[in-house]
Structures are given as structure tokens and as C-alpha cells.
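The structure under discussion appears below in the form of C-alpha cells.
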Amino acid sequence: YSIQTNNSGGNINPSTGAYVAGNTGSVTDTVRVTDGTNTATATVTVTAAIAIAPLAPTAPPGGSVAFGATGGNGSYTFAISTNNSGGSVNATSGAYVAGNTGAVTDTVTVTDGLGKTANTTVSVGPVVAISPATASVAPLGTRAFSASGGDGSYSFSFAPGGNNSSGSITSGGAY
């Protein structure tokens, strides 16, 4: 037994014919056997290597990303291999939820049934912040507040016990 065309980088046991595909997917290899008089060949289609999608997504703290996989042998397990945000991923479905720590990256890994892996990095955005963090105004004075980070859906209100002046604030941040 031998490999006549080796596009995948595979190998074959010349005595038994046991073939193992290489790491390159989406190619074909040709295996040849000779009995001393005749020769026969077989074409082996090496399927696509395992891949994860989406690549390099972003999510706010607590935000979610739906990961999927293609290629490999079709049996997939998802995991977080670097977990800086405190996030989680469903091992079967690939449903990822970023943790509460912002301005970090997490790495999600998918592994197929043959132990082959693919990775992607999730950029977890900053946590929500208010500006200014402290303010002084005269009685009946006004102040505009703004927000950044988080998921972008901002609504301003007083913190519990935080309206000692009987003032008012709009959901848009005008005090």
C-alpha cells in the first residue's frame, strides 16, 4: 500500500493499508495497492477541517453570541479555554454569555470527535459607566449625564435612596 497523491499530508501503513488523513482538509488523496502484478487505486475525500463561527465577535458584559461549527467529523463540543470575563458557553449548542468583567477577551474553543480544535476570540466590551461620576449643582441647577459601555441601551434613574434633593432626572440623563 502507498499514497499516490497526498494532498492532506496523510500517511498509510504499507503492510496493512491503514490510512490516516492529514491535517489539510477539503482535498483528495489517492491510495494505491499493488499485488506484484496489478495495481488498484482508491480516492479518499478529506472533508473540511473544523471551523468555528462567527470569528472574532464582540459582546457587551452579559451579552450573548451563538457559536456554530462546521467541518471536522461533525461531533462538536464547545468550551471556554480563556475565561477573563467570567462567561459561560453551552457545551452542546455553543450559546455563549459574556461574564460581568468588561474590557477583556475570552477564547471559545470547539473540539470535534477526533480531538481537532478551532478557536475564536470574543472581545467583551467595557462595563456601563456614567459621566460625570460625581457632580455638583446649585439648587434648581441642571446637569446632563451620559453613559458609555455596556450594551448601549441606557436609561437613567436615581439610585435607591439617591434623590435627597427632590430633583428629577429624565431617562435620557437630564437632571
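The separation of the range 3-65 from the range 101-165, counted between C-alpha centres, amounts to 44 Å. Each peptide among 91-99, 152-160, 47-55 gets the average number of other Cβ atoms lying within 10 Å of its residues, and from highest to lowest they stand as 91-99, 47-55, 152-160.
Per-residue 3J(HN,Hα) values for the range 54-68, derived from phi via the Karplus relation 6.51 cos²θ - 1.76 cosθ + 1.60 with θ = phi - 60°, read x, 8, 6, x, 10, 8, x, x, x, x, 10, 9, 9, 8, x Hz in sequence order (x marks Gly and Pro). Each residue of the range 110-115 is assigned a 3J(HN,Hα), and the resulting list reads 10, 10, 8, x, 9, x Hz, derived from the Karplus form 6.51 cos²θ - 1.76 cosθ + 1.60 (θ = phi - 60°), x at Gly and Pro. Our coupling estimate for the range 96-101, obtained by passing each phi through the Karplus curve with A = 6.51, B = -1.76, C = 1.60 and θ = phi - 60°, is 9, 10, 5, x, 8, 7 Hz, Gly and Pro reported as x.
Amide H to amide H distances under 5 Å link A95 with F67, N90, where only residues 5 or more positions off or on other chains count and H is placed in the peptide plane. Using a probe radius of 1.4 angstrom, the carbon and sulfur fraction of the accessible surface of the range 1-147 is 52%.
The values are calculated or read from the model by the stated rules, or taken from the named source; none is laboratory data. Keep in mind it's a predicted model, so treat the numbers as computed, not measured. Cβ atoms come from the backbone with ideal geometry, glycine included; neighbour counts cover every protein chain shown. The protein model used for the area step is the full one, side chains on, heavy atoms only, and it has no ligands, DNA or RNA in it. Shrake-Rupley method; radii C 1.70, N 1.55, O 1.52, S 1.80 Å.
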